[in-house]
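Just below is one structure, and these are the notes that go with it.
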Amino acid sequence: METYFIETWGCQMNVLDTQRLEGLLQQHGLRPAGRAEDADVALLNTCSVREKAVQKVLSRLGELHGARQAGGKPATVGLCGCVAEQEGARLLARSPVLSFVLGPGRVAQLPAALDAVAAGRRVSITGFEPARDYDAHLIARGNSARQYVTAIEGCNQHCTFCVVPYTRGHESSRPLREIVREVEAVAAGGGKEITLLGQTVNAYRCPATGADFGDLLQAVGKVAAAWRIQFVTSHPKFFTDRMIDKIAGTPRVGSYLHLPFQAGSNAVLKRMHRGYTREEYVRLVGQIRAAMPGVTLSTDVIVGFPGETEADFLETLEVVSAVRFGQLYGFIYSARPRTPALGYPGRVARSEAGERLERLFEAQSPVQLELNQALIGRSVEILVDGPARRGSEAWQGRGPDNRVVNVQGWPGVAHGQIADVTITGATAHSLLGELRPGGPGA
Ligand code: SAM
Ligand code: F3S
């Protein structure tokens, strides 16, 4: 075994899990390869939030099987992530190319899986232990100025559409001191924007002291080398007045908050088991905006949930126009294994759900354009990510509100640089900026 390649699908948690897997592989003496077909060890770090996840994995495994027969590589193929947890040993039986299955709660057991493979065994390591191993020092973070730190793993919410509580297990918060130490180390290593991660990050409770998410953010905000702090994902149900005050009062926290509302109809919200009404959600938005003027809110919306009527959907559109989100991620409901909604009556036809999704985006797009255009003339500090496109002369970065800003012709710029720009143009999806003379990065 000499080289590895990891394919990462899905959310930020998977991106971070890939870095954890990578750290363990490097400790095992492996070096990165350019693609799975050229690697000795190929890992698929998968997502199963929406449908066809298993088919996608099987088709990729089929391709890797073909590559192995043609050229001998990849000799070892591991399935990780949420599909691994969901399917477990079943996929070992279905796919001969697969060497092992490793669930997201078992990342730390990668060396054991590799040892089993070396001994000629095919293993499936899934499930969750009460105490989760977290090898923070082994994370292969690369040189990105944007870094993730886990605050809380798993989810206890059991929204009736969502597979995550089954694939990522029960909620488990890391001790506050451990998180702060990791943020210090990441910032000392060059991390400038640090995003605290959790499926319900604001449900955080320190297992040692009972500190809540507001306390955590305040503590992380004191790490002087961390330039900006972000967090995802907040659940509307867990905000308290005290928490909102602490978030608003922590200077380095970005002006961006992802707050999924999923649906505008109280009947649908109830069947989704979301734990709030539309009125409570809108009230919370008002409270957050009063405490954090200028905050940009983004959200997730599901259309076509079982039993969703046209009238229900119109209520979703009402929330979209009332709240005016800076960004909206819309999804067609997808039936997931083991979830309660799987058995709900009132299936919405795919064509109808597709049409609702289009109408949702049509309602959101002009709002986004207006909000972006209102920023023209403002000055913003951005963190540079890299060229806007491959070979492009424009550079791309993000402001504190997570909006993408493109800056034309900027010789000598580097990834990770912080720059002061003036917004000169806007589309619904990005901003155009010019360097401010004399500002940082100019
Ligand atoms: N709290 C999580 C987070 O970090 O965003 C939610 C996890 S889920 C990966 C992200 C979004 O996917 C949800 O907010 C929801 O809108 C959407 N989603 C989850 N399950 C879904 C399903 N079965 N069908 C369609 N969309 C779904
Ligand atoms: Fe999924 Fe709801 Fe948790 S969307 S991740 S069950 S908060």
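The values are calculated or read from the model by the stated rules, or taken from the named source; none is laboratory data. Only a predicted model underlies this, so the values are computations on that prediction, with no experimental measurement involved. Positions of Cβ are generated from backbone atoms using ideal geometry, with glycine treated the same way; all protein chains shown enter the neighbour counts. The accessibility values were calculated without ligands, DNA or RNA, using every heavy atom of the protein model including side chains. Shrake-Rupley method; radii C 1.70, N 1.55, O 1.52, S 1.80 Å.
In whole percent, what relative contact order does the range 125-232 give with Cα contacts below 8 Å and a gap of six or more residues?
Numbers: 161 pairs, mean separation 31.6, N = 108.
Contact order relative to length: 29 percent.
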Which Cys residues of the chain have no other Cys beta carbon under 4.7 Å away? 11, 47, 80, 82, 155, 206
In order through the range 423-428: 3J(HN,Hα) via Karplus (6.51 cos²θ - 1.76 cosθ + 1.60), integer Hz, x for Gly, Pro: 6, 10, x, 8, 10, 5
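With every protein chain left in place, what is the accessible area per residue of the chain in square angstrom, probe 1.4 Å?
On the way: 18620 Å² over 442 residues.
That works out to 42 Å² for each residue.
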Any idea how far the Cα center of the range 3-35 sits from the one of the range 232-302, in Å? 33
Have a look at 346, 92, 253 and report the one farthest towards the positive end of the charge dipole of the chain, computed about the Cα centre with Cβ charges (Lys/Arg +1, Asp/Glu -1). 92
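Charges only on Cβ, +1 for Lys and Arg, -1 for Asp and Glu: so what's the dipole of the range 98-199 about the Cα centre, in debye to the nearest 20? Could the numbers behind the result be given before it?
Values: 11 positive and 10 negative charges, 39 e Å.
Dipole size: approximately 180 debye.
In the range 107-146, which trypsin sites (Lys or Arg not before Pro) fall in coil by DSSP and have 12 or fewer other Cβ atoms within 10 Å? Don't skip to the end; give the middle numbers.
Values: sites: 121, 122, 132, 141, 146; in loops: 121, 122, 132, 141.
Sites meeting the loop and neighbour criteria: 121.
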If you roll a 1.4 Å probe over the chain with all protein chains in place, what percent of the accessible area is carbon or sulfur? 52
So for the range 3-125, taking the charge dipole from beta-carbon charges (+1 Lys/Arg, -1 Asp/Glu), which of 42, 4, 67 sits furthest toward the positive end? 67
If amide H atoms are built 1.01 Å from N in the plane of the peptide, which residues on other chains or at least 5 residues away come under 5 Å of the amide H of residue 296? 256, 257
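By how many nm would the segment from residue 434 to residue 390 grow when fully extended, if each residue of separation counts as 0.36 nm and the alpha-carbon distance is taken off? Numbers along the way, then the final one.
Working: separation 44, 0.36 × 44 = 15.84 nm, distance 2.00 nm.
So the chain would gain 13.8 nm between residue 434 and residue 390.
What ranking do 400-411, 17-28 get when scored by the average of other Cβ atoms within 10 Å per residue, highest first? Intermediate results must be reported in sequence, preceding the final value.
Values: 400-411: 18.2, 17-28: 20.8.
Highest mean packing first, the order is 17-28, 400-411.
How long are the three semi-axes of the equivalent ellipsoid for the range 136-373, computed from the Cα gyration tensor as the root of 5 times each eigenvalue, in whole Å, largest first?
Values: eigenvalues 207, 85, 54 Å².
After scaling each eigenvalue by five and taking roots: 32, 21, 16 Å.
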Starting from one equal scatterer on each C-alpha and no solvent at all, send me the Debye-based log10 I(q)/I(0) for the range 3-125 at q = 0.09, 0.14, 0.21 Å⁻¹, two decimals. -0.20, -0.50, -1.25
Gyration tensor verdict on the range 205-307 (Cα atoms; rounded if a/c is under 1.5, prolate if a/b is larger than b/c, oblate otherwise): prolate
Hey, what do the phi angles of the range 400-408 turn into as Karplus ³J(HN,Hα) couplings, whole Hz, using 6.51/-1.76/1.60 and θ = phi - 60°, x for Gly and Pro? x, 8, 6, 6, 7, 10, 9, 10, 6
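If the chain between residue 324 and residue 58 were fully stretched, how many nm would it gain, using 0.36 nm times the residue separation less the Cα-Cα distance? Before the final figure, lay out each step's value.
Working: separation 266, 0.36 × 266 = 95.76 nm, distance 4.01 nm.
Answer, rounded to one decimal: 91.7 nm.
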The range 379-435 - Rg and Dmax from Cα coordinates, angstrom: 9.9, 29
Going toward the positive end of the dipole of the range 379-435, with +1 on Lys and Arg Cβ and -1 on Asp and Glu Cβ, which of 422, 402, 382 do you reach last? 402
For the chain, alpha-carbon Rg over 2.2 N^0.38 Å: 1.01
Bin by bin, in steps of 5 Å, what percent of the Cα pairs in the range 65-138 do you find, going until the bin that has the longest distance? 3, 17, 24, 23, 18, 9, 4, 2, 0
What is the range 136-373's relative contact order, in percent, from Cα pairs under 8 angstrom and six or more apart in sequence? 17
Amide H to amide H under 5 Å from residue 125: which residues, 5+ apart in sequence or cross-chain, H placed 1.01 Å off N in plane? 101, 102, 103
Mind checking the dipole of the chain: about its Cα centre, +1 per Lys or Arg Cβ, -1 per Asp or Glu Cβ, Debye to the nearest 20? 460
Give the distance, in whole Å, between the Cα centre of the range 392-435 and the Cα centre of the range 325-348. 35
Check residue 404: other-chain or 5+ apart residues with amide H under 5 Å from its amide H, H built from backbone geometry? 431
Toy charge model, Lys and Arg Cβ at +1, Asp and Glu Cβ at -1: the range 3-125 dipole around Cα centroid in debye, rounded to 20, equals 220
HN-Hα couplings for the range 7-23 via Karplus (6.51, -1.76, 1.60; θ = phi - 60°), in whole Hz with x for Gly/Pro, come out as 9, 10, 10, x, 7, 4, 4, 5, 4, 5, 4, 4, 5, 5, 4, 4, x
